[in-house]
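Asker: Once you've had a glance at the structure underneath, I'll fire off some questions.
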Amino acid sequence: MKCNMDDLVREDMNKEQELPTSIRSAFDQSYKQIRQQSKKKVKKSWLNPVSAAVAALALSSAVLLTNDTALAKLQAFLGINDPGLETAVEHGDLQSMAQTQQSENISVTIDNLFADAYRLASQLTIESEHIKKDSLNELSFEYRIFDVSGKEIDAFVSDTKEIAGPGIYDGLDFKLTNIQNGSATLEFIAEATTTSGPSLEGAQMVVETVHFLNKDGDITSVDGKWAFDLTSANVVTQVYTAQNKVHGLTLVQAVVTNGSMQVSYKIDGLSEDNSHPIFKTAIVNKNGESFHAKVADVTRLENEQQTVISLVFPYSVWNEEQSLSLKVEGYEELKLIVKK
């Protein structure tokens, strides 16, 4: 499922196009919202009630950082705690790379990569005359990802553009840091709530539009082509199963990977947009620590009179826990154990 820019439904973002101040609010919000695909499938996004939304790290094969260096870079990058990513980085799952591409007088460099089965994120440096320290308010870009055969597998583009791939990631967030005259750091994280991401070995990410939003509300969009070769780190997964039965709630899937855990479960009834307490759904370890998701997919199965909730939690396979708990407000605790 794509996370597309709502404000661009009616207008092409042509090279060097300037848009009026009146659309600033819609543009600002569009990168943090998930659009509905149909009346039966709803995507929700929110900031973690315990720890704020996270970003993680970008693309290519270069060299794995040492644990100390990687963790320091991760903490500097995120500026917040993410237990799943921190544990993954400690185990060498962060890749550092330096690929730079230039197009339309804009230089884009992908600096770091973190990718597991359910989260993909990157840190990029963008150099452009459109970046002014005192005036830049937001920075974002549109991209497509192609597999080793050249087939499109994911895209984050405006609604005016065709999408050929099935779509994998959603809940995409941008974070702008280190703004200088002529350059800035842009970080993003995307999560796959309903399906696992494929191997990125031999894949390519192509940035095709960069958007600059100034504090006065003017948007400058530049079309170009910045293509980056991707690689895939060693992705490890562990499946959990339900140990007990909970009335009205059925586990569909629970899979933990390098730095994230995907959980899907069914509840009886057709939950409306805001009637299910997914804000208070948590994974709990043996020490009583709770881990909260940032994004949820809510799918109504009208023929079965059920609703499927799918979430991604900041939890790592390297914790090697044999048992966990899924706590959903209004339901008994569901015990999860490692599948043998």
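What follows draws every value from the coordinates through simple rules; no lab data is involved. The structure presented is a predicted model; accordingly, all values stated were derived computationally and were not measured. All Cβ positions, even for glycine, are placed from backbone atoms using ideal geometry, and neighbour counts span all protein chains on display.
Asker: From the backbone phi of the range 90-101, what are the Karplus-calculated ³J(HN,Hα) couplings (6.51 cos²θ - 1.76 cosθ + 1.60, θ = phi - 60°) in whole Hz, Gly and Pro given as x?
Answerer: Using θ = phi - 60°, the values come out as 4, 9, x, 8, 8, 9, 10, 8, 9, 10, 10, 10 Hz.
Asker: Going down the table (LYS161/LYS327; LYS280/LYS339; LYS175/LYS327; LYS151/LYS294; LYS151/LYS327), which pairs top 32 Å between alpha carbons?
Answerer: Result: LYS161/LYS327; LYS151/LYS327 exceed 32 Å.
Asker: What is the calculated FRET efficiency for VAL236 to GLU152, with r their C-beta to C-beta distance and R₀ = 25 Å, to the nearest 0.05?
Answerer: Numbers: r = 27 Å, r/R0 = 1.07.
That gives a FRET efficiency of 0.40.
Asker: Taking R0 as 30 Å, what FRET efficiency do you get between ASP223 and LYS286 from their Cβ-Cβ distance, rounded to the nearest 0.05? Intermediate values should be presented prior to the final figure.
Answerer: Numbers: r = 52 Å, r/R0 = 1.72.
Given R0 = 30 Å and the Cβ-Cβ separation, E is 0.05.
Asker: Right, something else. Apply the Karplus curve 6.51 cos²θ - 1.76 cosθ + 1.60, θ = phi - 60°, to the phi angles in the range 158-174 and return the couplings in whole Hz, x for Gly and Pro.
Answerer: Result, ordered by residue: 5, 5, 7, 10, 6, 10, 9, x, x, x, 10, 9, 8, x, 6, 10, 9 Hz.
Asker: Also, quick follow-up: About the Cα centre of the range 200-317, how large is the charge dipole given +1 on each Lys and Arg Cβ and -1 on each Asp and Glu Cβ? Please answer in debye to the nearest 20.
Answerer: Details: 8 positive and 13 negative charges, 118 e Å.
Charge dipole of the range 200-317: 560 debye, to the nearest 20.
Asker: Additional query: Please list 3J(HN,Hα) in residue order for the range 211-222, calculated via the Karplus relation 6.51 cos²θ - 1.76 cosθ + 1.60 where θ = phi - 60°; whole Hz, with x for glycine and proline.
Answerer: Residue by residue, the range 211-222 yields 10, 10, 10, 8, 5, 7, x, 6, 10, 10, 10, 10 Hz.
Asker: Can you list the residues, at least 5 places off or on another chain, whose amide H is less than 5 Å from the amide H of GLY269, using H built in the peptide plane?
Answerer: GLN306, THR307
Asker: Each label point is 7 Å from the Cα along the Cα-to-Cβ direction; what then is the distance between the points at GLN204 and GLU129, in nm?
Answerer: For the pair GLN204/GLU129, the computed spacing is 2.9 nm.
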